1. With the condition kept exactly as written, say whether any residue in the stretch 140-153 is more than 26 Å from residue 350 (Cα to Cα), in contact (Cβ under 8 Å) with a residue 12 or more places away in the chain and in a loop (DSSP other than H, G, I, E, B).
2. So if I check each of 72, 59, which one is without any contact (Cβ under 8 Å) to a residue 40 or more places away in the chain and within 30 Å of residue 156 (Cβ to Cβ)?
3. Of all residues in the stretch 41-55, which are part of a strand (DSSP E or B) and either under 33 Å from the mean Cα position of the chain (by Cα) or outside the structural domain of residue 185 (by TED's automatic domain parsing) (or both)?
4. Could you check how many residues of the stretch 116-139 are within 27 Å of the chain's Cα centre (by Cα) and assigned to a helix (DSSP H, G or I)?
5. Hey, among 581, 586, which residue is within 24 Å of residue 319 (Cα to Cα), in contact with a strand residue (DSSP E or B) (Cβ under 7 Å, 6 or more places away or on another chain) and modelled with pLDDT of 95 or more?
6. Of all residues in the stretch 159-207, which are crowded, with 20+ Cβ neighbours inside 10 Å, more than 22 Å from residue 40 (Cα to Cα) and out of contact with any strand residue (DSSP E or B) (no Cβ under 7 Å at 6 or more places or on another chain)?
7. Give 690, 598, 629 a once-over and let me know the one that is out of contact with any strand residue (DSSP E or B) (no Cβ under 7 Å at 6 or more places or on another chain) and closer than 28 Å to residue 227 by Cβ.
8. Is it the case that some residue within the stretch 100-119 is surrounded by fewer than 16 Cβ atoms within 10 Å (Cβ to Cβ), touching a residue at least 12 places away in the same chain (Cβ under 8 Å) and out of contact with any strand residue (DSSP E or B) (no Cβ under 6 Å at 6 or more places or on another chain)?
């Protein structure tokens, strides 16, 4: 439910007067008190540290942009006071505390801005200063935390004291600021910085097929929606006397491209979903006021990502309304971020959001990371559940798309906040074990279903660093396998994402479960779902037929087309988990905001804690049991494999002497794999995967 006028008045009174412990502002300062207290003296500057992209390097520099180069819809990120941030965190705690009178009394964007945004006086001071420097102020977001401005490279240089340059990074052209921006010290208490001043946009967390496949079997075992429903015990919900299918729920998948809606229809028809009533729409959300900053991106090379997001969120919740929400990238701003903030500041934001893009915390920079953190933090207060792919580079998110990791351990900055569910990836273990015939029918049934039951899972890892693959090929570890001629066929950083955040502290809810590290850091992922892209013959099917953007005909009876219409990556896991949340919302007839606290509470009940493990459940719910796994399990504990990747850098890389390649390790002097699956929670798969019916029916 959303808060009413009386509820908001109570919250405002609490925030201003400090009547209730835990929702006070230090020194009684009310929300909205001005923090720009001195004249703007541009001879007294402050550097906004950590806001130059790591690839904006001299060796790639192609010179300065012309002063007239247009820079439209830059997002200037503001910041709240430490007092306000503390009060917001305390309010968030109460919103999720069933014993609090504020439990689930979600805020609107307007209430959020009034309580936790900068003062109107400070916003007016900043906008007037921007206009005096020649910028066009397009809009101030309702949250008060973002100002959309347009200008030129010359105006940016003069006002923010950084030059905009052209770069050619290994044949790919980019623009970026050459140094950290600077602002007048008087503005520093309120101005965080730009969400970005570059076009190094996040990449889809999608892994297409194409690796050499070990000759485990002579056939391909791809996963369609009906297989997924069987494997993760979803079908009983669909077939219940009151079907739980996502009816009445809305899921928004955030993209920077459009798709052909006919592809979704083809997908649903091919896999037995046409009888469900779920709808689909493509939306380019304009802000509530001000100049429209969300342009139609049309289709582009990210179309496959958007198609699978729309298809798989609706595959799990087939009666839900799926909204593909997309905005075009600008020269300096990622369209997905614009779409997110436009939705969150709208009158009717969707209750569930899924994002399947990845960029490391380091590459996002301080302000870029804060822009996503602020978005998901606002979502949590509005009762919106946000699911983000943990990434497809193991613990080496700075090296996405590379042949090896060179920059050390890093995680996806879009997923690492404490206000979203980070979703990792697994693979099936049956083919490695030689038991595929126990889990797959010899011919397809209705909806192209061939899976017979739950299948034992392991980590998703396509690389020579994988302990599973290196052992299968007869090597002692990934360290020696990666340096062998055979291992060189499996270079790359293709594995389910996970690791410790370098920016955020451990949330209060990430505790009490066997395996959770006492590292004081936000750790990823929270949970996982199947995400493999075919190394062990298993991948996921989708439909994207636009040949201009790399698509293929969605003719699944044609082996070549079916192969080309299958892929993997945590891109599939995030929208699928968003679909699961739609089932939860329907069953409980309410919204849940960030569901992490519930997920970890349920896992603590099943697994126990580090000090008091529930060994019986850990044994019965271990994924290695396959079709003999416990019928009452909410989580399937994935304990086989690792998410390690090959490396060649000096940081977090262990290798044998004189070898150029090694494996990602938390120590460069000894082998400490980053990261192995283990009992309970782990960096490779989080809490594991889920029995969907049990999860939904166990939800409090």
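The values are calculated or read from the model by the stated rules, or taken from the named source; none is laboratory data. This one's a predicted model, so the numbers in the text were calculated from it and none came from an experiment. Neighbour counts are summed over all protein chains in view; Cβ atoms, including those assigned to glycine, are modelled from backbone coordinates with ideal geometry.
1. no
2. Working: 72 fails: without any contact (Cβ under 8 Å) to a residue 40 or more places away in the chain.
Among 72, 59, only 59 is without any contact (Cβ under 8 Å) to a residue 40 or more places away in the chain and within 30 Å of residue 156 (Cβ to Cβ).
3. Initial filter on the stretch 41-55 (part of a strand (DSSP E or B)): 45-47.
The answer is 46, 47.
4. Summing the residues that are within 27 Å of the chain's Cα centre (by Cα) and assigned to a helix (DSSP H, G or I) in the stretch 116-139 gives 1.
5. Numbers: 586 fails: in contact with a strand residue (DSSP E or B) (Cβ under 7 Å, 6 or more places away or on another chain).
On inspection, the qualifying residue turns out to be 581.
6. 196
7. On the way: 690 fails: out of contact with any strand residue (DSSP E or B) (no Cβ under 7 Å at 6 or more places or on another chain); 629 fails: out of contact with any strand residue (DSSP E or B) (no Cβ under 7 Å at 6 or more places or on another chain).
Exactly one residue qualifies, and that residue is 598.
8. Scanning the stretch 100-119 turns up no residue that is surrounded by fewer than 16 Cβ atoms within 10 Å (Cβ to Cβ), touching a residue at least 12 places away in the same chain (Cβ under 8 Å) and out of contact with any strand residue (DSSP E or B) (no Cβ under 6 Å at 6 or more places or on another chain).
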